[in-house]
Amino acid sequence: MKSLPPFHLAIPVHNLQKAHSFYGNLLNCQKGRSSSQWIDYNFFGHQLVVHLDKNLNNNSFNTVDGKDIPVPHFGLVLEWKDWESLKEKLEIANIDFIVEPYIRFKGEIGEQATMFLLDPSSNALEFKAFKNIDQLFAH
């Protein structure tokens, strides 16, 4: 797979300090520019900006594999070993998963590990990894 340019994503958060504890401390994202209303992070090589929004309301879901998947959500496709390391770190931190880590399409095209969790402002994140990254868009 060819190298992709970094994406930029801005999301609303209720509290910048709690957002920093989650993104800066738990996920180890390097903090960039900031103000009293927003913070830039290096989100695994991508630009994530958290913006203060006290009116945030995320509560829409779709059913996938019999699980309620939050919409909207965002995240990353990691290397398998990095996904396993992050899973362990999140489990040690006693994160409440929306969808517990599991393997989808085991032994099939597109086999992938996935997990969903919420940040402190209820923004949903999905982290996944593929056994074969060349099957990222396979069907």
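The values are calculated or read from the model by the stated rules, or taken from the named source; none is laboratory data. Source: prediction; values computed, not measured. Reconstructed Cβ throughout: ideal geometry from the backbone, glycine too, with neighbour counts over all protein chains shown. Surface accessibility is based on the protein's heavy atoms, side chains included, excluding ligands, DNA and RNA. Shrake-Rupley method; radii C 1.70, N 1.55, O 1.52, S 1.80 Å.
Can you name the residue in the stretch 97-139 that is under 13 Å from P70 (Cβ atoms) and in a loop (DSSP other than H, G, I, E, B) and, of all such residues, is most open to solvent (accessible area, probe 1.4 Å)? Looking at residues that are under 13 Å from P70 (Cβ atoms) and in a loop (DSSP other than H, G, I, E, B), I get S122. Candidates are the residues of the stretch 53-80 that are open to solvent by 50 Å² or more (accessible area, probe 1.4 Å) and aliphatic (A, V, I, L, M); the one that is nearest to Q135 (Cα to Cα) is V77. Residue-level check: of (1) out of contact with any helix residue (DSSP H, G or I) (no Cβ under 8 Å at 6 or more places or on another chain); (2) assigned to a strand (DSSP E or B); (3) open to solvent by 30 Å² or more (accessible area, probe 1.4 Å), K87 misses just (2). Among the residues making up the stretch 15-70, those that are free of Cβ contacts under 8 Å to residues at least 40 places away in the same chain, part of a helix (DSSP H, G or I) and under 18 Å from the mean Cα position of the chain (by Cα) are L16, H20, G24, N25.
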